[in-house]
Every structure is written in structure tokens, then in C-alpha cells.
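Shown next, in C-alpha cells, is the structure this report addresses.
FYI, it's all coordinate maths here, none of it is from the lab. All values derive from a computational prediction rather than experimental measurement. Heads up, the Cβs are rebuilt from the backbone with ideal geometry, glycines too, and the neighbour counts pull from every protein chain shown.
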Amino acid sequence: MSTTSAASQSDFFAALGTEQVNALSENLDQMTSLEIVKLMNAVTEDAIRAVDSASTQLAAAIDAVVDRMKRGGRLFYLGAGTSGRLGVLDASECPPTFGASPELVQGLIAGGDTALRNAVEGAEDNPELAAADLREKSLTQTDAIVAISASGYAPYCVGALRYARQVGALAIAMSCNKNANISKEADIAIEAPTGSEVLSGSTRLKAGTATKIMLNALSTGIMVRLGKCYKNLMVDVQPTNVKLRDRSIRIIQNATGLSREAAEALSLEAGGSIKTAIVMHEANVTSERARRALTSADGYVRKAIESLR
């Protein structure tokens, strides 16, 4: 890299909102522990406001991904460092929360799984790594990707978006700066400008919080739209441990108004399926009729109940 290009790149980074110095924390090194905690809590409101400003784009992303998934598509999160780790985390929580296949939502991080715990030098700066990661997953035009970069710069994310558009997959960019580099490469650009951090440039803070909120909204919105929710209940949760088995019974209770004992009996009759149990009770039908109705309704509980009334 020449001196001129290096200086130009330095100017680019210096202009990013997430790289600015926060005037509220200029004396951070002289603050007491309580002052640090209170300041960090106060400025976290910036993350919430930033996400709110991106609501329309988040909603558009939900609709577009749902459309792909209804046609058999998958969703891939890609990012480097904190952004990559947050994507992997959100993807890993979809199977137990929504009963989704582990293949439906997947998280990829620059540098591979090693980078989940240890920094992999240079991985973020290589756009070809993202293309290789997506080729390995056999990305198709039915799939969607979300490239996550707090700064909006990461070449790994640029490579992911370009490859996605090359194969016809939906390309979504998620960043915490305005007019981000990765936004230019996307079909849908989600920008939540969080501004300067308490610890200057440490985007695992406000930017990381905003990213987690956006991923929460994105994956939850997608799964709700796919019928994995009835009222506000997680009707596809997988009862894989004591806590979740207890929750599944409470979900049936909340949906039906039954006693604990009656909900347990209904769950047993439904073969452990929360959805089947709810449809059985609400439509007063057998487990077999409830299952058939759910199949015809593509798994949507409310639609299945209405079809039986």
C-alpha cells in the first residue's frame, strides 16, 4: 500500500461515526467504577434509538427472507470479530427456540470457528474468504445472507455480499454507520448509526448492543412470520432439558387456560407436540385431526384452529 492510499484509508476510518471520540467519556480513566457503569448504561440508549431508525429496513429484510425460506431457502449470517460472533450466536439459538433445523439459519465468522474465541489476523481483510465460505455452503439464488459489520467496512462482508448477488441470493448488509461501504453492495441495507463509543472505537459496546437487538428482531420476526409462534408463545420450542420441558407445559397452559395436570395429560396425548396440543384443545378434535390441520395450514396454529371451526 502506498503512503497516499494509506493516508486516504486513515482518513476514511477517522470519519466513521463509530471511530469518533465520545466527549462524555474523555476522563474515563479517572472515573470511579460506579461512574463508568452509569455512563455506559446512559449511552446505551443511543443503540436503541439507532435501531429504531432502521426499523423500516429491518422489516423489509424480514419479509424478504421469509419469502425465500418459504421457497426452501436458508439464511446465512457472516461477519468478522464481534459482528461474526453475534451472528453465530443468533443462528445457534434458532433451533432450540423455534424448533428450526440447524441448516435453516447458519452463522459464519471470518477465520472459521477458531475466531469465535481467538482473533484470526487478516481474516476480516480478505473478501475471497467469504466467497469460499459461501461456496462451501452451496449458496443458491433461493438463499439469503446478512453481512454484519459495525463499521460497515469489513472486506470479508463486501466479498460475501458480492458473491451472494453473483449467484442471485438475497444480499442484506447490517452496519452501525451511515452510508456504509457494505450498504453499496446490498439489496437491502440496514444502517443503525450508533455514534462514538465510551471506549473510543470499541464497537463491541454500543454497536455490538445495537447489532444484537437487530439480530433479535430479524430472527424472531422471521420465525413468527413462518408460524413458529401462536399469540406470543414459542409453540415450536424443543423440550430438550428440564427447564424447556417445564416451559412447554406452561405454554400449553397459557394457550388453553388448562390446569397443570390437564396440560400435562394433553401434551402426552399430543405426543409432546405443543402445537398439536393447542389445536386439539381449542378446536376440540383428536390428535390426528389436529396434526392434519396443522399440515394443511403449513404449521400455523391459528390458521389450523380456524380451519376446524
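Extension gain, Ile36-Glu288: 0.36 nm per intervening residue step, less the Cα-Cα distance, totals 84.9 nm. Each of the peptides 244-256, 158-170 was scored by the mean count of other Cβ atoms within 10 Å over its residues; in descending order, highest first, they stand as 158-170, 244-256.
Straightening the chain between Lys243 and Val167 buys 23.1 nm, computed as 0.36 nm per residue apart minus the Cα-Cα spacing. On a C-alpha basis, how far is the centre of segment 36-84 from the centre of segment 87-109 in Å? Whole number, if you could? Going from one Cα centre to the other spans 15 Å.
In the set (1) 1.06; (2) 1.02; (3) 0.98, which value of Rg/Rh (Cα atoms, Kirkwood Rh) was calculated from the structure you see? Here the calculated entry is (1).
Here Leu108, Leu24, Leu226, Leu116 are placed in order of increasing Cβ neighbour count within 10 Å, fewest first, which gives Leu24, Leu116, Leu226, Leu108. Put in order of Cβ neighbour count within 10 Å, fewest first, the listed residues Met174, Met214 become Met214, Met174. Counting beta carbons within 10 Å around each of Asp52, Asp46 and listing the fewest first gives the order Asp52, Asp46.
Within the shell of other residues whose beta carbon sits under 13 angstrom from the beta carbon of Ala293, the net charge comes to +3, with Lys and Arg scored +1 and Asp and Glu -1.
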